[in-house]
1. Does B:THR196 count as touching a Leu at 6+ places or on another chain (Cβ under 8 Å), within 13 Å of another protein chain (Cβ to nearest Cβ) and among the polar types (S, T, N, Q)?
2. Go through (1) within 31 Å of the chain's Cα centre (by Cα); (2) assigned to a strand (DSSP E or B) for C:ARG762 and report which single condition fails.
3. Can you name the number of the only condition in (1) at negative phi; (2) of a type outside the set (Ser, Thr, Tyr); (3) surrounded by 24 or more Cβ atoms within 10 Å (Cβ to Cβ) that C:PHE335 fails?
4. In the range A:23-46, how many are open to solvent by 10 Å² or more (accessible area, probe 1.4 Å), facing another protein chain (nearest Cβ under 7 Å) and aliphatic (A, V, I, L, M)?
5. Could you list all residues from the range C:827-842 that are assigned to a helix (DSSP H, G or I) and in contact with a Leu (Cβ under 8 Å, 6 or more places away or on another chain)?
6. If we keep just the residues of the range A:28-46 that are of a type outside the set (A, V, I, L, M, F, W, C) and not in a loop (DSSP other than H, G, I, E, B), which is nearest to the chain's Cα centre (by Cα)?
7. Among the residues of the range C:404-420, count how many are among the polar types (S, T, N, Q) and open to solvent by 10 Å² or more (accessible area, probe 1.4 Å).
Amino acid sequence: MTSFTIKINGKTHGPTEVRDDLSMNDYLREYLGMTGTKFGCGAAQCLACAVIVDDPDGTSRTSPTCVVPAIAFNGQSIRTVEGHAKDGELSELQRAFVTHFSFQCGYCTAGFVNEGQVLLERLAKQPIARGDLDKTIQDSLNGHICRCTGYVKYHEAIRDVVLANDQRYLTKA
Amino acid sequence: MNLLVARIAAVGLAFAAVPAVAVEVVAGSLTAPASFAGIADATARSAALFNEAAKVMTHPRCVNCHPVGDRPFQGDSAANRPHQPPVVRGPDGFGAATMRCASCHQKANFDPGRMPGHEHWHLAPASMAWQGKTPGQICQQVKDPARNGNRTIAQVVEHMSHDTLVGWAWAPGVGRTPAPGTQAEFAALLDAWVATGAACPAS
Amino acid sequence: MSVTRREFVKLVTSSGIVLSLSRLSDAAEPTFRTRETLPGSAAFNPSAMGKGRVDGMAKVTGAKLYASDFRAADLPGWPAATSHALLLRANDATRRYEGLDLSKLEPGMRPTVVVTEADVKRAGIRVPDFYKGDLFCPVGTTPIYLGQPVALLIFETFDAYDRARVVLRDNPPYKFGATTGPAVLPPYGSNRFTRVAGATAEAPDVFSPLLAGWASPIGYKKAEIPLWAQAKQRGNTNARATFYGEEIRAELAKADPRTLVLDRNFTTQSIDPMFLEPESGIAWYDAGKKALEIVIGVQSPGEAGETLADLFGEARGAFKPAQINAHFAYIGGGFGGRDHTPLPMYVALAAMFYPGHAVRLAHDRYQQFQGGIKRHAFKMRTVMSFDRASGKMRAMAADHQLDGGGLANFSINVADVAAGSATGIYDVPKADITTVAVHSRGVTAGSMRGYGTLQAMTALEVLVDEAATQLKIDPIELRRRNALPTNGRTNFGNTYEGVVRTPEILDKLEAHAIWRDRAAEKGKASSGWAVGTGVACVTKDFGTGADCTLARVEIAPDGTISIDSDVVEMGTAIGTALANRAAYSLGAVSTRVSVARTDAYDALGLVKSYDPYTITQAQQDVAARNPRWVPEISSPSSASVGAHIGTHGANEAARILFRYGLWPAALDLWGLAHSDPRAQQWAKAKWAGGKLTFPALPPLALADVAAKAHARKGVTGVMVHGFNRWAWASATFSIDGDAWTADIDALAVRRGGGEFIRLNRRAVKFPPTVFNRFSTAYTAAAGSLVRVEIERATGNLRIAKAYTVVECGSVLVPEAVEGQMEGAFAMAVGYTLLENLPLYEDGPGNGRWNLGQYVLARASDVPAGTLDTEILPPLRPDDHPKGMAEVVMIPVVPAILAAINDAIGKRFDTLPVTPSMLKGATA
């Protein structure tokens, strides 16, 4: 058992004692009841379980939760799918996923929301050329499995968010 | 008796009636340097010692992350499969910006999730690709400063003998076959190889 | 937990258990049902803007929606804590099972309850026929398949369960004794479908399954080879089928220089549906009230409820609930694999053996691979003859063998549907198809997208592509010459409903740039690469021949519309389709859509008897005299029925709601007497911008019309049932003095704020029982073009460009259809090139399979921009929507194989085609 504190969507949880062999996914789903983060494979293959980790250096990244112990997140700040909409207002990316019919069954959606959001935030800091955009989106989605959609409408939604604000995300041609 | 049952196999064997499936994995052993004393010619002995040590270097635990190309491999057999999800070495060997090795591979193995881990989990440089190579080719590679990161042989041996990421190959976690022998036995073979002139096998 | 009367269905099963698929009462915190009713009246409703789906908001914010999201604490009235169950499954089916050794479990990780076969026998729990076989492998016997359950372990706490799960996963606790070899059990079934057409297209068939019935074998040899009756031209169905079948085979065997005969084998692999949410459920047995509460996510809610009632129907007192309340959740993917799945039975058992506790049973992915329904592996031999001069198909014989795995499940149905597709889009005057579904020690195979037709039509299209090469006829032209025309007869002897549109599909394929540019692209291949283009065209049945629709559509005084339907949302946007289809009549998109609801229709008072597939005409005629009788009440959401069947009820209900609720209200608002001639011209009214318009009359806002309908006590709610056996049952009802005839067989209406009242039907017409001899009458066609690039040195294959065109009648949600086409394309790429499960000891039944080893198409395998999609417009604006979730996957597979052949000159006859196979072929 290890004492553990974590900030999730801005709210601090803990310190609390958890088993060293408890996965972060089970901490979220079984201990906190935060089931927006899904369990798909338990093997870091589908990333339905991915959350955003906000590192102290100001950068953010996604991390699976199924193959990572909860205590590995001790002291960290994370965001989950439940944390994107503010006061019932969807984020720009969430809205794009809805209006593009990006998902079908929706079970992979939390992972795509988090991955897409991290990508947008990274591009805002490090814009890329228009010509690299599709490859960059594809690379960022490639760790995620979606069995329903063929990924196309996720890809297009992210691309449209970028292109709608190309000053922010893309370098000047 | 040249088979050594790994730690996790011992757990499995506690069940007398358990079938030989599931996670029981059996590691090979390494022959101690002393056993090579009978080879009179020092160069031949040196090459033979390297050959024995190469059982480790050609083992899936090592080759999987010494791939030809930019994508590591996975699995426990000679016909290993490309790593899923499809990751690449990236500029620093620690993965691309969108998928860093450390996203999944934490500081240590996490057996409940069957996830191997180490603090410095990353790919060997492309110049040190061992996949599909013979012991002789690997030997030349290891000795070549242009390919081994400009290291002396002593530095290379030190790395292989004591680096803890290398050492992970002998404690790879549930469901993965460890490299043969122990890291100490491996180090002893490399020391003996250097002491006999660090000769490379012909093939 | 109070249940209001209106929200309660009183379906007393033959066992005496009340199967009350009830909705939980509203409480301060969100109830299960309010969570599952989308988008919710106050929420952002993307579908109302025509942009998005009714479940969009919930899914993109991570709302609790799926069965796997619910714990006891989320369910009002349930116990506070959740216990957890672990279903242990055999990892050996060749040795005698001798029990469990749980000694590896330390204190703190030990189960509170262990349930075995002996326990369920003692409790008098019986196995429903469909799942015939032991619920758990009895000690002392050899498991009949890999992955057969051996015990259910129930743990008080999550921590105990979680720790035990890992220990037992890594140290399988099964004791096995003597080697017996795998169990040998008889095949699940076998049929023969033989048709000999008349001399001309107009002449009646000489022999067909429709005319003579489906033939079956008189026995088996070597436990899997059907023995057919002795041939007799004037014998029974079986003897005549053999007679004509042998005649066809003799013709194919005869050397004739004027015909090309191809005799080809094709084998397909086992795969996993790999829906992303592993199966799970949570249940609680309230022993005081003798009520079993269960939350699950399946494609077949009605079936699941009835199965549970059957399971406990003869159980001893403590194990026999008086009432089962089943709650059905959204599901994280289905693809057929959640239709008639055994898992709900084990969820229910967990609750019954730990009364008073809420128990959750959830597969992890290893367990889902080990225990989930698989796609059938097929072995097929196809012999087909073509007239060399004309390219016309003359005759065909095919033999299919399906590996059904451990339990029967849908194996024989899959075999029969595969046989029905064996002639594809073609007009084959003589066809003799035999099929046998065998038991094996593999994991149980059942329903999955394509349902046998994927396998059979892949084999056929690969053969047709080769025939085109050998006949030196363009592959699209060869297909055109042989395409079954409208009103042409299938190999079962029936015709398809409606216009057969394959010629248009073929035209589209021929005109597309991928096809036009195929030679040029081949010529442009870079060094070390081979480029090739392939085509295929198929048609796929939708429906099962006993499909039902249940719907309830209501309008509130403020004009908000609510819809309940028994159709299940698997991701296909069926909820949005319901809303859109009802909006045609009601002028606005529903703000409240509740799917997977088999309750909510108690006012209809439906009863059933007999199996709808085997009922005789005489039985049906007598039963139909009871105005509440229907052949089936609720059917699974499978077989691509969503658009056609699933939305039909809502459409019919909406039409009645308009005609007898909104229209008379509008007449009042316009001040038109009901005797005014315009009162009968309701069909001329149109909705535009949320207003009801009629020539020369002022537009009326929906809310005003709805308020008036309530005020004048007009029809404000309509509840219907429909039944389809390759045609809709129809009946006439008296409403407001009118005779209303429609494709429904039960109707109840509500007036103003009143209760639903059932209206007696008259002149009911159920489709004749002989329609059960059809393979299908409903079909949608699709074609694909694929261009591949193969790196010779590595065998790596890249899909450079692809195109799929489909005809699916009226499109309810265009983006959803496109999304299905894109998803099916990815699934087809996986099936052709990536996915593979060994059948037995090395396969998923050993409990060690997960993603990673099992490879699916990822974004980089199907890059955005690769696939062009096209949907043919409906022939008429009122064309009914057609099922298309399955058909769009199928042509992609043979098109990739044809493209590979075009690139490297190798016709593969087994799946998947891996880089090493390609590398070997290019060497």
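The values are calculated or read from the model by the stated rules, or taken from the named source; none is laboratory data. From a predicted model like this one, the values you see are computed outputs, not experimental measurements. When we count neighbours, we look across all protein chains shown, and the Cβ atoms used for this are built from the backbone with ideal geometry, even at glycine. When the accessible area is computed, the model is the full protein with side chains, heavy atoms only, and any ligands, DNA or RNA have been set aside. Shrake-Rupley method; radii C 1.70, N 1.55, O 1.52, S 1.80 Å.
1. Working: touching a Leu at 6+ places or on another chain (Cβ under 8 Å): yes; within 13 Å of another protein chain (Cβ to nearest Cβ): no; among the polar types (S, T, N, Q): yes.
For B:THR196, the condition - touching a Leu at 6+ places or on another chain (Cβ under 8 Å), within 13 Å of another protein chain (Cβ to nearest Cβ) and among the polar types (S, T, N, Q) - is not met.
2. (1)
3. Evaluating C:PHE335 over (1) at negative phi; (2) of a type outside the set (Ser, Thr, Tyr); (3) surrounded by 24 or more Cβ atoms within 10 Å (Cβ to Cβ) leaves (1) as the failure.
4. 1
5. Of all residues in the range C:827-842, those assigned to a helix (DSSP H, G or I) come to C:827-834.
Result: C:GLY830, C:TYR831, C:THR832, C:LEU833, C:LEU834.
6. Keep residues of the range A:28-46 that are of a type outside the set (A, V, I, L, M, F, W, C), which gives A:29-31, A:33, A:35-38, A:40, A:42, A:45.
Those left that are additionally not in a loop (DSSP other than H, G, I, E, B): A:29-31.
On the way: A:ARG29: 16, A:GLU30: 20, A:TYR31: 20 Å.
By that ranking, first place goes to A:ARG29.
7. Residues of the range C:404-420 among the polar types (S, T, N, Q): C:409, C:411, C:413.
Imposing the further condition that a residue be open to solvent by 10 Å² or more (accessible area, probe 1.4 Å) reduces the set to C:409, C:413.
Number satisfying all stated conditions: 2.
Let's see how each residue does on (1) open to solvent by 30 Å² or more (accessible area, probe 1.4 Å); (2) modelled with pLDDT under 95; (3) more than 30 Å from C:VAL813 (Cα to Cα):
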{"position": "C:LEU839", "(1), (2), (3)": "yes, no, yes"}
{"position": "C:ASN846", "(1), (2), (3)": "no, no, yes"}
{"position": "C:GLN853", "(1), (2), (3)": "yes, yes, yes"}
{"position": "C:ASP879", "(1), (2), (3)": "yes, yes, no"}
{"position": "C:MET884", "(1), (2), (3)": "no, yes, no"}
{"position": "C:VAL893", "(1), (2), (3)": "no, no, no"}
{"position": "C:ARG907", "(1), (2), (3)": "yes, no, yes"}
{"position": "C:ALA921", "(1), (2), (3)": "yes, yes, yes"}
